[in-house]
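Everything below concerns the one structure shown next.
Coordinate-derived values only; no laboratory data. Keep in mind it's a predicted model, so treat the numbers as computed, not measured. All Cβ positions, even for glycine, are placed from backbone atoms using ideal geometry, and neighbour counts span all protein chains on display.
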Ligand SMILES: C[S@@+](CC[C@H](N)C(=O)[O-])C[C@H]1O[C@@H](n2cnc3c(N)ncnc32)[C@H](O)[C@@H]1O
């Protein structure tokens, strides 16, 4: 089952309370804080149609492995309700519900459900696939991570995969994730990072700056958007800094696991109360 709720563009003004500065990074560019959200929206409007194909091409299919590893760590259970923020075409949400279903076949219980929330309706629409969605309880909602359109304590798990670096006010988003989680719920943040090992970092930089924008040009006809995506990874906080931001937002046990030598990292934390 799937539904597209609130599918109009939200045009939600960036809440800059915690971003504090007048300007903010947009890749390697500094832009007005109030403009970042619109610039990010333009990027994902432009890449939505080719997003899944580009993900496979850029990562040689590795993003699927990282997402599988993240879901295994989250350990979805029957009857749970997931909120996948910046959920895009729905990869994480489908994996979560399917993994809970596997457990359900052995132990019984209610099916898991997932809400895919994204600020960009083009990404949500690009992800609707009756074949892949069949038998899964998925709902699609257009909304901003910084001001989630959900009540308090509604979800057993919140995820955001390759989305948090695009959010203008990340601290506000983390507070929102904490607010909508039930006590005892868990947060999982999958994000590209900077590999700590200098040689690997050098090779990875060479690949990402030289190859990815070219692939974006060849496959999606949009070199600039993919240059932004690469640059935004370099501007994202290091793993320990992001873990501290999670603690500041109230998450207990905030920690991370590096995947593929730190090309990507999976951060987890718990809402205790
Ligand atoms: C790189 S895609 C990731 C999509 C998906 N999670 C995945 O792993 O394939 C980033 C997504 O973040 C969404 N996004 C950016 N800023 C957002 C915000 N403030 N609130 C909600 N979604 C946002 C974009 O529209 C885009 O779909």
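Could you please find all residues in segment 165-184 being touching a helix residue (DSSP H, G or I) at 6+ places or on another chain (Cβ under 7 Å), part of a helix (DSSP H, G or I) and either within 11 Å of the ligand (Cβ to nearest atom) or over 15 Å from residue 245 (Cβ atoms) (or both)? Give the steps one after another, and end with the answer.
First, pick out the residues of segment 165-184 that are touching a helix residue (DSSP H, G or I) at 6+ places or on another chain (Cβ under 7 Å): 165-168, 170-171, 173-174.
If we keep only those that are part of a helix (DSSP H, G or I) too, we end up with 165-166, 170-171, 173-174.
The answer is 165, 166, 170, 173.
Can you name every residue in segment 99-130 that is away from the ligand (no atom under 16 Å from the Cβ), outside any helix (DSSP H, G or I) and surrounded by fewer than 23 Cβ atoms within 10 Å (Cβ to Cβ)?
Correct list: 108, 109, 110, 111, 113.
Which of the residues belonging to segment 131-156 are away from the ligand (no atom under 11 Å from the Cβ), over 16 Å from residue 114 (Cβ atoms) and out of contact with any helix residue (DSSP H, G or I) (no Cβ under 6 Å at 6 or more places or on another chain)?
131, 151, 153
Which pairs turn up if I take residues in segment 166-185 that are within 10 Å of residue 251 (Cβ to Cβ) and look for partners that are more than 9 Å from the ligand (Cβ to nearest atom) and assigned to a helix (DSSP H, G or I) with beta carbon separation below 8 Å, at least 6 apart in sequence or on another chain?
Sorted first by the residue in segment 166-185, then by its partner, the pairs are 174/245; 174/246; 174/248.
Among what's in segment 30-66 and is outside any helix (DSSP H, G or I) and closer than 22 Å to residue 119 by Cα, pick the residue that is nearest to the ligand (Cβ to nearest atom).
The qualifying residue nearest to the ligand (Cβ to nearest atom) is 31.
Can you tell me which residue in segment 19-29 is nearest to the ligand (Cβ to nearest atom), limited to those that are surrounded by fewer than 19 Cβ atoms within 10 Å (Cβ to Cβ) and more than 22 Å from residue 211 (Cβ to Cβ)?
25
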